[in-house]
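A.B. asks: Please see the structure below; I have some questions.
The values are calculated or read from the model by the stated rules, or taken from the named source; none is laboratory data. Everything numeric here is computed off the predicted structure, so don't read it as measured data. Methodologically, a virtual Cβ is constructed for each residue, glycine included, from the backbone with ideal geometry; neighbour enumeration extends over all protein chains shown. All accessible areas refer to the heavy atoms of the entire protein, side chains included, with ligands and DNA or RNA removed. Shrake-Rupley method; radii C 1.70, N 1.55, O 1.52, S 1.80 Å.
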Amino acid sequence: MFALIDCNNFYASCERVFRPDLNGKPVVVLSNNDGCVIARSNEAKAIGIPMGAPAFEYEKFFRQHGVQVFSANFALYGDMSNRVMTILSDYSPEMEIYSIDECFLKLKGFDFFNLQAYGEDMRCKVTKWTGIPISVGIAPTKALAKVANRIAKKYPTETKGTYIIDSEDKRIKALKWLKVEDVWGIGRQHSKRLNAAGVKTAFDFTQLDDDFVKKQMSIVGLRLKLDLQGIPTLDLEEMQIKKNIATTRSFETNYTEYEQLAERISTFASSCAEKLRKQNSCCNSIMVFIHTNGHRKDLQQYSRNIIIKLPYPTNSSIELAKFATQALQKIFKQGYAYKKAGVIVQDFSQADSLQQTLFENRDKRHIPLMQAIDKLNLLFGQQKIRLASQDTKRVWKMKQQKLSPRYTTNLNDIITINL
């Protein structure tokens with residue numbers, strides 16, 4: 001059996017943990033730069049706020065309905081997620097963290113357990129220890145566990161937040177209840193094609209011919225169909241190292257000078273290098289891109305990217321910043337107002353098993369230097385130690401006008417209690 005544990009309205013729930021006065025009120029969380037709605041409480045859903053609603057368009061609506069609006073506080077959400085996952089890891093030795101607010105547990109050897117009580121205990125402990133409400137779905141396959149979780153979340157009173165699909169009658173009833181567009185793994189385009197073919201529910205999908213599913217949705221769709229039929233085809237996935245790493249940003253104002261862009265590109269390359277070192281990888285090529293603001297029709301438009309094959313694999317901030325700046329020099333053009341830029345590193349090798357070249361190799365003195373920088377930044381705060389090519393006074397300038405305190409990760413924001 002598999003269990004799928006999903007935190008209910010996770011971002012909004014994190015905000016409510018330290019603001020209980022928000023319980024029962026509509027809460028929304030905005031994306032980076034306060035762009036659009038990316039999370040809603042049930043109350044916000046009930047008054048018709050859609051996912052992706054542009055914040056500037058809904059500003060008046062938010063005021064009229066007393067909606068509590070927050071900027072995304074990823075430091076808080078990441079820490080709360082870690083706490084929830086740590087608690088859940090005690091319930092099974094086999095765990096797959098699927099996203100910041102979801103995880104699968106493999107319940108192998110739990111044949112004589114009361115799974116309903118087990119799920120309710122998870123829910124009770126997580127809620128009591130962290131304040132985050134969760135829903136638990138348990139079923140013989142991962143896809144069916146997703147369906148069970150959806151039922152638990154939809155009917156929390158009847159299910160006590162835990163629903164188990166453990167019989168054929170329950171499986172068929174659940175699949176007939178679920179619309180095909182809501183099935184895990186069936187995207188918008190597939191659901192359009194399936195609806196056109198008369199497939200309205202998840203049960204209809206399981207009745208399709210295997211060849212038709214494979215032709216329309218490849219082997220991935222066929223595995224999903226079998227999983228929904230109760231035949232396990234999807235197992236827990238081990239964490240994979242990333243195949244490319246990107247650091248890209250939109251600027252708060254238009255940049256017209258080369259030096260402004262060079263400082264940003266150097267910083268982005270340094271950030272990519274730090275992420276490479278975290279997963280013990282080196283990159284063999286680097287891409288740099290810049291472009292102007294496509295929404296400003298009154299300005300001249302220009303966009304360009306370039307991929308550079310590195311002479312040797314590296315994860316040194318110094319070397320990557322140098323190569324990225326060289327790439328920028330090849331694509332930068334004076335006279336344009338640049339709005340966005342980024343660095344993407346790719347073609348990875350393991351840092352401890354690099355192929356040496358005859359003429360040019362990475363500077364091995366950088367290895368202990370980067371280790372020392374990473375340790376210092378970990379101890380004293382991000383980017384305390386920077387390259388000389390970076391702006392030492394500059395900090396990340398994402399627009400976060402409605403940011404809540406980082407209650408659990410910053411001592412200055414810790415809650416004070418007056419007795």
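A.B. asks: If eta is 1.306 mPa s and T is 10 °C, what Stokes-Einstein diffusion coefficient results for the stretch 1-51, Kirkwood Rh from Cα pairs, in µm²/s?
C.D. replies: Values: Rh = 11.8 Å.
The diffusion coefficient I find is 134 µm²/s.
A.B. asks: From the square roots a ≥ b ≥ c of the eigenvalues of the alpha-carbon gyration tensor of the stretch 27-152, which class results: rounded (a/c under 1.5), prolate (a/b over b/c), or oblate?
C.D. replies: prolate
A.B. asks: In whole percent, what relative contact order does the stretch 12-79 give with Cα contacts below 8 Å and a gap of six or more residues? Mind dumping the intermediate values first?
C.D. replies: On the way: 93 pairs, mean separation 24.2, N = 68.
Rounded, it is 36 percent for the stretch 12-79.
A.B. asks: Then there is this: The stretch 230-279: which chymotrypsin sites (Phe, Trp or Tyr not before Pro) are DSSP loop and have at most 12 other beta-carbon atoms within 10 angstrom?
C.D. replies: On the way: sites: 251, 255, 258, 268; in loops: none.
The qualifying sites: there are none.
A.B. asks: Same structure again: On average, how much area does the Cα convex hull of the stretch 102-191 cover when viewed from any direction, in nm²?
C.D. replies: Details: hull surface 26.1 nm².
Taking the Cα atoms of the stretch 102-191, their convex hull projects to 6.5 nm² on average.
A.B. asks: Report, to one decimal in Å, the Kirkwood hydrodynamic radius for the stretch 242-369 based on all distinct Cα pairs.
C.D. replies: Details: mean 1/r = 0.0662 Å⁻¹.
Taking the inverse mean of 1/r over all distinct Cα pairs, the stretch 242-369 comes out at 15.1 Å.
A.B. asks: Please compute the Kirkwood hydrodynamic radius over the stretch 329-370, one decimal place, Å, based on all pairs of different Cα atoms. Walk me through the numbers on the way to the answer.
C.D. replies: Values: mean 1/r = 0.0686 Å⁻¹.
With all distinct Cα pairs of the stretch 329-370 included, I get 14.6 Å.
A.B. asks: Set the bar at 26 Å for Cα to Cα. Now go through 179/214; 160/402; 25/339 and name every pair that lies beyond it.
C.D. replies: On the way: 179/214 20 Å; 160/402 34 Å; 25/339 37 Å.
In this structure, 160/402; 25/339 lie more than 26 Å apart at Cα.
A.B. asks: Do you know the relative contact order of the chain, to the nearest whole percent, from alpha carbon pairs under 8 angstrom that are 6+ apart? Before the final figure, lay out each step's value.
C.D. replies: Values: 687 pairs, mean separation 63.3, N = 419.
Computed over the chain, the figure is 15 percent.
A.B. asks: Counting pairs on different chains as well as pairs 8 or more places apart, how many Lys pairs in the stretch 116-157 have Cα atoms under 20 Å apart? Provide the component values of the computation, followed by the final result.
C.D. replies: Details: 125/153; 128/153; 142/153; 142/154; 146/154.
Final tally of qualifying lysine pairs is 5.
A.B. asks: With every protein chain kept in place and ligands, DNA and RNA left out, what is the accessible area per residue of the stretch 336-385? Probe 1.4 Å, answer in Å². Spell out each step's value before the answer.
C.D. replies: Numbers: 3480 Å² over 50 residues.
On a per-residue basis, the stretch 336-385 sits at 70 Å².
A.B. asks: Using each residue's phi in the stretch 152-162, evaluate 6.51 cos²θ - 1.76 cosθ + 1.60 at θ = phi - 60° and report the 3J(HN,Hα) Karplus result to the nearest Hz, with x for Gly and Pro.
C.D. replies: Per residue, the Karplus-derived 3J(HN,Hα) values read 4, 6, 6, 10, x, 6, 5, 9, 6, x, 9 Hz.
A.B. asks: Which percent of the accessible heavy-atom area of the chain goes to carbon and sulfur, probe 1.4 angstrom?
C.D. replies: In the chain, the share of accessible area belonging to carbon and sulfur is 52 percent.
A.B. asks: Could you tell me how many cubic angstrom of Cα convex hull volume the stretch 187-265 has per residue? Mind dumping the intermediate values first?
C.D. replies: Numbers: hull volume 15.5 nm³, N = 79.
Taking the convex hull of the Cα positions in the stretch 187-265, it is 196 Å³ per residue.
A.B. asks: With θ taken as phi - 60° and the coefficients 6.51, -1.76 and 1.60, list the Karplus ³J(HN,Hα) couplings across the stretch 179-186 in order, rounded to whole Hz; mark glycine and proline as x.
C.D. replies: Result, ordered by residue: 5, 5, 5, 9, 6, 4, x, 9 Hz.
A.B. asks: I'd like to know how the stretch 36-82 sits against the 2.2 N^0.38 Å rule of thumb: what's its Cα Rg over that expected value?
C.D. replies: On the way: Rg = 11.8 Å, N = 47, 2.2 N^0.38 = 9.5 Å.
Its radius of gyration relative to the 2.2 N^0.38 Å reference: 1.24.
A.B. asks: Between the DSSP loop rule and a limit of at most 11 other Cβ atoms within 10 Å, which chymotrypsin sites (Phe, Trp or Tyr not before Pro) in the stretch 23-98 are left? Could the numbers behind the result be given before it?
C.D. replies: On the way: sites: 56, 58, 61, 62, 70, 74, 77, 91, 98; in loops: 56, 58.
Here the sparse-neighbourhood loop sites are 56.
A.B. asks: What whole-number value in Å² describes the accessible area per residue of the stretch 121-160 for a 1.4 Å probe?
C.D. replies: Values: 1750 Å² over 40 residues.
Here the residues of the stretch 121-160 average 44 Å² of exposed surface.
A.B. asks: Still on this structure, please answer the following. Take the alpha carbon gyration tensor of the stretch 162-310, find the square roots of its eigenvalues, order them as a ≥ b ≥ c, and report rounded if a/c is under 1.5; if not, report prolate when a/b exceeds b/c, else oblate. Mind dumping the intermediate values first?
C.D. replies: Values: a/c = 3.16, a/b = 2.10, b/c = 1.50.
Prolate.
A.B. asks: Mind listing which trypsin sites (Lys or Arg not before Pro) in the stretch 221-329 are in a DSSP loop and have 15 or fewer other Cβ atoms within 10 Å?
C.D. replies: Numbers: sites: 223, 225, 242, 243, 249, 264, 275, 277, 278, 296, 297, 304, 309, 322; in loops: 242, 243, 296, 297.
Passing both the DSSP loop test and the Cβ count: 242, 243, 296, 297.
A.B. asks: Using the Kirkwood radius over C-alpha pairs as Rh, can you work out the diffusion coefficient of the stretch 68-131 via Stokes-Einstein at 4 °C, viscosity 1.567 mPa s, in µm² per second?
C.D. replies: 98 µm²/s
A.B. asks: May I ask you to evaluate 6.51 cos²θ - 1.76 cosθ + 1.60, the Karplus curve with θ = phi - 60°, for each residue of the stretch 112-121 and list the ³J(HN,Hα) values in order in whole Hz, giving x for glycine and proline?
C.D. replies: Per-residue couplings from phi come out as 9, 8, 7, 5, 5, 5, 4, x, 5, 5 Hz.
A.B. asks: Mind jotting down the distance between the C-alpha centroids of the stretch 266-306 and the stretch 184-246, whole Å?
C.D. replies: A separation of 34 Å, based on Cα centres.
A.B. asks: As a check on your grasp of the helix formula, calculate [θ] at 222 nm for the chain: sum -39500 (n - 2.57) over DSSP H runs of n ≥ 4, divide by the residue count, round to the nearest 500. It would help to have the intermediate numbers written out before the result.
C.D. replies: Working: 14 runs with 161 residues, N = 419.
Roughly -12000 deg cm²/dmol at 222 nm, from the helical runs in the chain.
A.B. asks: Report relative contact order for the stretch 191-262 in percent, whole number only (criteria: Cα-Cα under 8 Å, sequence separation at least 6). Spell out each step's value before the answer.
C.D. replies: Numbers: 22 pairs, mean separation 10.9, N = 72.
With pairs under 8 Å counted, the relative contact order is 15 percent.
A.B. asks: What longest region of the chain stays clear of GluC sites (Glu not before Pro) that DSSP places outside H, G, I, E and B and that have at most 11 other Cβ atoms within 10 Å?
C.D. replies: Working: sites that count: 57, 237, 238, 257, 360.
With GluC sites (Glu not before Pro) excluded where exposed in loops, the chain gives 58-236 as its longest stretch.
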